[in-house]
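The next block holds one structure in the form of structure tokens; read it before the comments.
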Amino acid sequence: MAIFGLRAWIRKRVTRFLTQPIGHYDQHYRTDMALLKRRMKKGDVLLVEGDQRVSSVIKYLTQSSWSHAAIYVGDELVRRGGPLKALAVEHFGAEADHLVVEALMDGVVASPLVKYAEHNVRLCRPHKLRGVHKKELLDETIASIGMRYDLRNVLDLAFHLLVASVMPQRYRRDALRFGSGYSGDVICTSLIGRVFHRVGFPVLPEVIFQEDEPGPRRFLHFGRRTRRSAIYRRRDPTVLMPRDFDLSPYFEVVKFNVICGRGFDYAQIEWEEDSEQATSEASEEPPGDRVETA
């Protein structure tokens, strides 16, 4: 019992340290939450540039802007009813219609989308995800609420990122099995990767292309076309990182702040430097001849 108590104490202390906010956070552009809510679809992945100490560590190790990922479930908790609906409405009120599920240090929870109104975010959408698979994905995501956060996975992943550059390529795939080994422990990206893998949707798999036998001759084509096939290998969800959803060719990056509408015209931008230069030039012009009238 003493060992488990010590482990819990250490975990609590580490969690408290890692979740402390950083001193300065730079939001590059104000997020239009009303527009984001209209653009979001269930099953979308929201990438976040976090504002905690652990966020800085993840961004440094992955050489990416994104330190966290969440999956959008919208009003699923309200629509499905039951205890989760009651809790969502009690805690989030009207925002219960726009929820994400995410793995935080405290475990897997549902959070209001508006939580990230003052963060840099990116919206990634699985391309042509079938309706039946979206339902299964949402079922699995909601069922994961309450799971524990896999702190050991984070430490293992950090160690891997530090030594990956010197590890021979042929040994990496078999060695990359991280985490506590307990199926109820996840981190933000392993949670999302797991549900997408369950329905057979690729995140960022290893793809091996092969040249097959030449195909039949075609009219008005010289020679024969060589058929090209591919072998896809799933990556273990425990080694997925937030940036993988951004880099994935199977996820669309959906713009929602400025250019999603038709009102953006870069020619109408008033640049501060141009305004200052015009003011400076005007002040340096010699005064014109004045005509005095009686």
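What the table shows:
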{"read-out": "Residue list for region 27-55, filter: assigned to a helix (DSSP H, G or I) and over 15 Å from the mean Cα position of the chain (by Cα)", "value": "Met33, Ala34, Leu35, Lys37, Arg38, Arg39, Arg53, Val54"}
{"read-out": "Any chance Ile10 is within 16 Å of His119 (Cβ to Cβ) and at pLDDT below 85", "value": "no"}
{"read-out": "Region 77-126, subset part of a loop (DSSP other than H, G, I, E, B) and among the acidic types (Asp, Glu), residue modelled with the highest pLDDT", "value": "Glu118"}
{"read-out": "Selection within region 32-76 - at pLDDT 90 or above and among the β-branched types (Val, Ile, Thr)", "value": "Val45, Val48, Ile71, Val73"}
{"read-out": "Options Val291, Val199; residue that is modelled with pLDDT under 70 and among the β-branched types (Val, Ile, Thr)", "value": "Val291"}
{"read-out": "Within region 105-150, tally of residues that are of a type in the set (A, V, I, L, M, F, W, C) and in contact with a His (Cβ under 9 Å, 6 or more places away or on another chain)", "value": "3"}
{"read-out": "Residue match in region 92-109 (condition: touching a Lys or Arg at 6+ places or on another chain (Cβ under 9 Å), β-branched (Val, Ile, Thr) and either farther than 19 Å from Gly193 by Cα or surrounded by fewer than 21 Cβ atoms within 10 Å (Cβ to Cβ) (or both))", "value": "no"}
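The values are calculated or read from the model by the stated rules, or taken from the named source; none is laboratory data. Everything numeric here is computed off the predicted structure, so don't read it as measured data. Neighbour counts run over all protein chains shown; Cβ positions are idealised from the backbone, glycine included.
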